[in-house]
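Okay, structure first, notes after.
The values are calculated or read from the model by the stated rules, or taken from the named source; none is laboratory data. On a predicted model such as this, the values are computed, not experimentally measured, just so you know. As a convention, Cβ positions derive from the backbone with ideal geometry for all residues, glycine included, and neighbour counts pool all protein chains shown.
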Amino acid sequence: MVEVHNVYKSYRRESMEIPALVDISLDVPDGAFVALMGPSGSGKTTLLNLIAGIDRPDRGAIRVGGLNIADLSESGLARWRSRHVGYIFQFYNLLPVLTAFENVELPLLLTGLSRRERRGHVMAALSLVGLEDRMQHYPRQLSGGQEQRVAIARALVTDPTLLVADEPTGDLDRDSARAVLDLLSALNADFGKTILMATHDPRAAERAHTIRRFDKGVLETN
């Protein structure tokens, strides 16, 4: 599903070049659940953003489903990302002026689906996360765990090839975190979703099939 080969990524701070990822190689099979562990600043989120097509590597190749996404134009990358990647953020990134239904519907507005078709997709996604009864609630009317489940429904609504989760439990209490991890595990086990999750929490990482550890931009060998 995901092939990362000899990827290097750096950022500039004034005249300095700061390496974020150094010669990273990683293979993720179809249907896998992989946790990337490491402290803040170790490179986990940078790698997720490259795999999700949000950023581009300085060197190296990233293939998802056999496609080298680094070769795509900006518009081509945006189209690919909208069809193939569902991104789950630590702080939910819900729009406060939209209801849960409207937040989940947002990615579908870029498609050619009719209003009726969009509603069907949204209701199916909200059903998967157990929030059909909260679809008209605004984010401020939801708990943190419910907000994250809405965010997961939004990531799922286009039926993406790959789910990318960046510290999805980092802003949640223990019970809410467990519920979100239960949901991710079910999406992987019952629906075969390929999941890449960045986390610094060992309890979250234990849900994955494979744990890979980062340290200062380097992926440690098993």
- Note on the structure: Within the stretch 182-204, the residues that are under 10 Å from Phe33 (Cβ atoms), over 13 Å from the mean Cα position of the chain (by Cα) and of a type in the set (Lys, Arg) are none
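Listed here are the residues, each with its yes/no results for (1) part of a helix (DSSP H, G or I); (2) touching a Lys or Arg at 6+ places or on another chain (Cβ under 9 Å); (3) touching a residue at least 12 places away in the same chain (Cβ under 8 Å); (4) farther than 20 Å from Ile211 by Cα.
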| residue | (1), (2), (3), (4) |
| --- | --- |
| Leu21 | no, yes, yes, no |
| Ser25 | no, no, yes, no |
| Gly31 | no, yes, yes, no |
| Ser42 | no, yes, yes, no |
| Thr45 | yes, no, yes, no |
| Leu48 | yes, no, yes, no |
| Arg56 | no, yes, yes, yes |
| Ala61 | no, no, yes, yes |
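Considering each of Val28, Val34 in turn, give the residue that is surrounded by 18 or more Cβ atoms within 10 Å (Cβ to Cβ) and within 22 Å of Gly170 (Cα to Cα). Walk me through how you get there before you give the answer.
Working: Val28 fails: within 22 Å of Gly170 (Cα to Cα).
Every option except Val34 fails the conditions.
Listed here are the residues, each with its yes/no results for (1) at pLDDT 90 or above; (2) in a helix (DSSP H, G or I); (3) of a type in the set (Val, Ile, Thr); (4) closer than 30 Å to Arg56 by Cβ.
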position: Tyr92; (1), (2), (3), (4): no, no, no, yes
position: Val104; (1), (2), (3), (4): yes, yes, yes, yes
position: Leu108; (1), (2), (3), (4): yes, yes, no, yes
position: Arg116; (1), (2), (3), (4): yes, yes, no, no
position: Ala125; (1), (2), (3), (4): yes, yes, no, yes
- Can you tell me which residue within the stretch 91-127, out of those that are of a type in the set (S, T, N, Q) and in contact (Cβ under 8 Å) with a residue 12 or more places away in the chain, is surrounded by the fewest Cβ atoms within 10 Å (Cβ to Cβ)? Asn93
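Please find, within the stretch 2-44, the residue that is modelled with the lowest pLDDT out of those that are at positive phi and under 21 Å from the mean Cα position of the chain (by Cα).
Start the filter on the stretch 2-44 by keeping residues that are at positive phi, which leaves 6, 14, 23, 31, 38, 41, 43.
Then keep just the ones that are under 21 Å from the mean Cα position of the chain (by Cα); that gives 31, 38, 41, 43.
Values: Gly31: 94, Gly38: 87, Gly41: 81, Gly43: 86.
The selected residue is Gly41.
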- Item | Yes/no for Ala32 being touching a Ser or Thr at 6+ places or on another chain (Cβ under 9 Å) and closer than 24 Å to Ala177 by Cβ | yes
- Query: Looking at the stretch 203-222, which of its residues are part of a loop (DSSP other than H, G, I, E, B) and either of a type in the set (Gly, Ala, Ser) or closer than 16 Å to Leu47 by Cβ (or both)?
  - Reply: Ala208, Lys216, Gly217, Glu220, Thr221
- Pairs with Cβ under 7 Å, 6+ apart, first in the stretch 181-195 and farther than 14 Å from Pro168 by Cα, second of a type in the set (Phe, Trp, Tyr): Asn188/Phe33
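Looking at Ala198, Ala155, Ala189, which one is within 20 Å of Ser40 (Cβ to Cβ) and of a type outside the set (D, E, K, R)? It would help to see each step written out before you state the result.
Details: Ala155 fails: within 20 Å of Ser40 (Cβ to Cβ); Ala189 fails: within 20 Å of Ser40 (Cβ to Cβ).
Only one candidate qualifies: Ala198.
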